[in-house]
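First the structure, in the form of structure tokens, and then the observations on it.
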Amino acid sequence: MTMDAQLKKEEGNKFFQAGDYASALACYTAALKLQTDGNKNDTATFYKNRAACYLKQEEWQKAADDASKVIEIIPADTKALFRRAQACDQLGQVEQAFKDARAVIHLDPKNKAVIPLMEKLSARIQQMSKERHSTNSRVSQMLKAFFDQQADTEKRQAAANNLCILGRDNPAQLFEAGGVEVLVPVLGWKEPEYVLAAVRTLGGMCANNEERAKAIMVAVGFPGLQQQLTKDSEDLCIATGYFIMTMVCALTGLNRKEEKKSRHDPAQR
């Protein structure tokens, strides 16, 4: 550790102990810039200290990012794992938080500070598992009704509408339940109302998620979407256009860029 970096670290520690987290953060950031001897352990320490500051400031994503940088250097650093667990918990990333908290207990069984978080996360994981099972059951029932050609029209249309709503409001659950694989063949059906429902549902699953959008793009293909645009149905053409727009926005991050721009542009507020 260079002398200048050491001095900034010590100064940051004093600010942190005094509760001046903004000043402490500035010192640790300066220490990172002054750390020129290539010592990765010292670099990890500065990032770890910054993560602690970000936690105090409730800057959860920044705390998680800095803790991750520490873990890349020192995978078994229990303080960094604990701090990332705390940040991920606040970000709603329950699985990652649980994984990190469990790693802390495995590496340091005597660490009592992580136990309340671990208990909280365990309960949430169990609840999520129950909810996922319940949702998967509902999805199975919807798909069964949707594909049941012996069922009355009203029941099938209700199932189609429910799938559209689920694709919009809970796309991750429908995606995980195999909704893409099941719905793509529907695009070749002759019944326009069910093709429309499939297009709307698949489009909903693309929204704001690059991973799902990529998978759906591969499964559907642009020739398949182009075919929908040539059909004699205004509703289907509009839905397909929205599907394409939603998929492109998810793949390029266009929506996120516009939101970020609007937050920083007073003229758009």
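The table that follows gives values for the structure above.
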| quantity | calculated |
| --- | --- |
| Of the GluC sites (Glu not before Pro) in the range 1-104, those whose Cβ has at most 15 other Cβ within 10 Å and which sit in DSSP loop | Glu58 |
| Phi-based couplings in Hz for the range 58-66 (Karplus 6.51, -1.76, 1.60; Gly and Pro marked x) | 6, 8, 5, 5, 5, 5, 5, 5, 5 |
| For the range 1-119, radius of gyration divided by Kirkwood radius, i.e. Rg to Rh on alpha-carbons | 0.99 |
| Carbon/sulfur fraction of accessible area - the range 30-71, other protein chains in place, 1.4 Å, % | 41 |
| Mean separation of Cα contacts under 8 Å (6+ apart) over length of the range 1-137, as relative contact order % | 15 |
| Accessible area expressed per residue, the chain, with surrounding protein chains retained (probe 1.4 Å, Å²) | 58 |
| Relative contact order (%) - criterion: Cα under 8 Å, at least six apart; region: the range 64-200 | 14 |
| Links that overshoot a 22 Å alpha carbon limit, given the list Lys40/Lys62; Lys144/Lys214; Lys8/Lys69; Lys9/Lys120; Lys110/Lys130; Lys130/Lys155 | Lys144/Lys214; Lys9/Lys120; Lys110/Lys130; Lys130/Lys155 |
| Exposure rank, largest accessible area first [Ile244, Ile216; 1.4 Å] | Ile244, Ile216 |
| Calculated [θ] (222 nm, deg cm²/dmol) that DSSP helices of n ≥ 4 give over the chain, each run adding -39,500 (n - 2.57) | -25500 deg cm²/dmol |
| Charge dipole magnitude, Cβ of K and R +1, D and E -1 - the range 1-102, Cα centre, debye nearest 20 | 100 |
| Rounded percent of accessible protein surface that carbon and sulfur make up, the range 114-231, 1.4 Å probe | 51 |
| Residue among Gln6, Gln35, Leu174 farthest towards the positive dipole end of the chain, charges placed on Cβ | Gln6 |
| Where trypsin sites (Lys or Arg not before Pro) fall in DSSP loop in the range 36-132, at most 13 other Cβ within 10 Å | Lys110, Lys112 |
| Val184 accessible area, 1.4 Å probe, all protein chains in place, Å² to nearest 10 | 30 |
| Integer Hz, Karplus 6.51/-1.76/1.60 couplings in order for the range 177-194, x for Gly and Pro | 7, x, x, 5, 4, 6, 8, 4, x, 5, 4, x, 6, 8, 6, x, 5, 7 |
| Dipole moment magnitude, nearest 20 debye, the chain about Cα centre, only Lys, Arg, Asp, Glu C-beta charged | 640 |
| Relative contact order computed over the chain (Cα-Cα under 8 Å; 6+ residues apart), in percent | 9 |
| Answer label, with Cα extents along the principal axes in Å calculated from the coordinates and candidates (i) 76, 46, 33; (ii) 79, 49, 28; (iii) 72, 56, 31 | (i) |
| The range 1-47 versus the range 85-107: alpha-carbon centroid distance in Å | 25 |
| Selected from Leu196, Ala67, Met217, residue furthest toward positive end of dipole (the chain; charges at beta carbon) | Ala67 |
| Dipole of the chain, positive end: most advanced residue of Phe16, Gln90, Cys53 [Cβ charges, Cα centre] | Phe16 |
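The values are calculated or read from the model by the stated rules, or taken from the named source; none is laboratory data. Remember, predicted model here, so these are calculated numbers, not experimental data. All Cβ positions, glycine included, derive from the backbone under ideal geometry; neighbour counts span all protein chains shown. Only protein heavy atoms, including side chains, enter the accessible area calculation; ligands, DNA and RNA are left aside. Shrake-Rupley method; radii C 1.70, N 1.55, O 1.52, S 1.80 Å.
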